[in-house]
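The values are calculated or read from the model by the stated rules, or taken from the named source; none is laboratory data. None of these values were measured; they are calculated from a predicted model. Methodologically, a virtual Cβ is constructed for each residue, glycine included, from the backbone with ideal geometry; neighbour enumeration extends over all protein chains shown. Remember, those area values only see protein heavy atoms, side chains included, never the ligands or the DNA or RNA. Shrake-Rupley method; radii C 1.70, N 1.55, O 1.52, S 1.80 Å.
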Amino acid sequence: MTARTGLAFRILASTFLTLGTALAPAAAQEPFRIGLIIPLTGGQASTGKQLDNAVKLYMRQHGDVVAGRKIEVIVRDDSANPDTAKRLAQELIVNDGVQLIAGFGITPAALAAAPLATQAKIPEIVMLAGTSVITERSPYIVRTSFTLAQSSTIIGDWAARSGLKRIVTLTSDYAPGNEALQFFKARFTAGGGEIAEEIKAPLVNPDFAPFLQRVRDAKPDALFVFVPGGQGGNFMRQFSERGLDKAGIKVIGPGDVMDDDLMGGMSDAALGTVTAHMYSAAHDSALNKAFVGAYKAAFGSRPGFVAVGGYDGIHLVYAALKKTGGSGDGDALVAAMKGMAWESPRGPVSIDPDTRDIVQNIYIRKVEKRDGELYNIEFQTFDSVKDPGKGAK
Ligand code: PHB
């Protein structure tokens, strides 16, 4: 080949290459890879399962191609261990080339991954962890769950308004438990209530029995409880075994203790429990009825608030990718997510453009029986609640 024909060949070849790229169907682009880091083993496994189910359900309903990009979800189990979450995030970003990380069943796991999201400039979608400060740890974090301050302020005001005077608190001894306690206490005592005793239970493998004995002895009007989703079933079993329901002690709190996912296994000791939260499977909307029906048909169980955080999390990713026209650039995706609003199974929601945290209705609910099953029945709604924890410290 002469120099000239060689050059012509190179030009032709490059023309074909350019044409080839331009004409390639959009779906032939690199897939958009998501790393889903969730607890699938250990004490928080039921929450990881809900997140995994919800993401799968959404993708079955909406397909796995968005704006020409095929969506691939790589699921990793962190056992709710922050060091594992961090290592998995690193591997997913470096080895698997994920362009977004999501999931995060507990606050320490969400915090551990935050610097990696910042460094890689990729979004971190927090689908469950609920401590206020999380979204401040990286400009790439967007949350679709809730904060403990959203629910605990509202239940604090409700408790004072309802004439409860002396309350004992029992909270998991880590960041979201401390935040639930702080915000509840501020509102309840401002309304004239008294905290008789503050009890903290360990996060991992908690045995509530000795703490519940102390609660019984203190004879409060009610027990304020925060345990993370996944632990409510065990808590309520020990609560009724110790006879606290018979002693007339009512449970109140943020709604985490009354996760729909576990209510099928709870006894009537749960009846009358009043909590504030963002989701009940009994929420009265056409969209929620369809969601609950589809989730039950797919997985044989009732979705809880954790599943809704996951369902909305993957929805947000789809909606953002549509808005960027399929671009997976982290800055473009986060910009697209800011201010986004949609109807969720929980009701109307949006992403606060300033904080990247979710704005949503908070409902006060009471456990009642419907068709022989326990449900959180909503009786009061607070519209469009922003995280009261931002700037509160
Ligand atoms: C958390 O660790 O932030 C967390 C986990 C589960 C909940 C609430 C908060 O239900």
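Data for the structure
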read-out: Enumeration of residues in the range 237-265 that are within 16 Å of the ligand (Cβ to nearest atom) and over 22 Å from the mean Cα position of the chain (by Cα); value: Val251
read-out: Selected residue (criterion: farthest from Lys250 (Cα to Cα)) from residues of the range 209-236 that are within 16 Å of the ligand (Cβ to nearest atom) and of a type in the set (A, V, I, L, M, F, W, C); value: Val227
read-out: Residue that is nearest to Ala270 (Cα to Cα), among those in the range 314-370 that are part of a strand (DSSP E or B) and polar (S, T, N, Q); value: Asn361
read-out: Selection count where residues are of a type in the set (Gly, Ala, Ser) and within 16 Å of Phe146 (Cβ to Cβ), scope the range 326-352; value: 3
read-out: Residue check, Thr147 away from the ligand (no atom under 11 Å from the Cβ) and either among the polar types (S, T, N, Q) or more than 25 Å from Lys219 (Cα to Cα) (or both); value: no
read-out: Number of the condition not met by Leu316 [criteria: (1) over 19 Å from Ser280 (Cβ atoms); (2) open to solvent by less than 10 Å² (accessible area, probe 1.4 Å); (3) touching a Gly at 6+ places or on another chain (Cβ under 8 Å); (4) not charged (D, E, K, R)]; value: (3)
read-out: Condition broken by Ala114, with the remaining ones in (1) within 21 Å of Val204 (Cα to Cα); (2) not in a loop (DSSP other than H, G, I, E, B) satisfied; value: (1)
read-out: Out of Val55, Val65, sole residue that is closer than 17 Å to Asp96 by Cβ, at pLDDT 95 or above and surrounded by 11 or more Cβ atoms within 10 Å (Cβ to Cβ); value: Val55
read-out: Exclusive hit being within 16 Å of the ligand (Cβ to nearest atom), in contact (Cβ under 8 Å) with a residue 40 or more places away in the chain and either of a type in the set (A, V, I, L, M, F, W, C) or surrounded by fewer than 20 Cβ atoms within 10 Å (Cβ to Cβ) (or both), set Ala110, Ala89, Ala85; value: Ala85
read-out: Matching residues, the range 113-139, being within 10 Å of the ligand (Cβ to nearest atom) and either surrounded by fewer than 23 Cβ atoms within 10 Å (Cβ to Cβ) or of a type outside the set (S, T, N, Q) (or both); value: Val126, Leu128, Ala129, Gly130, Ile134
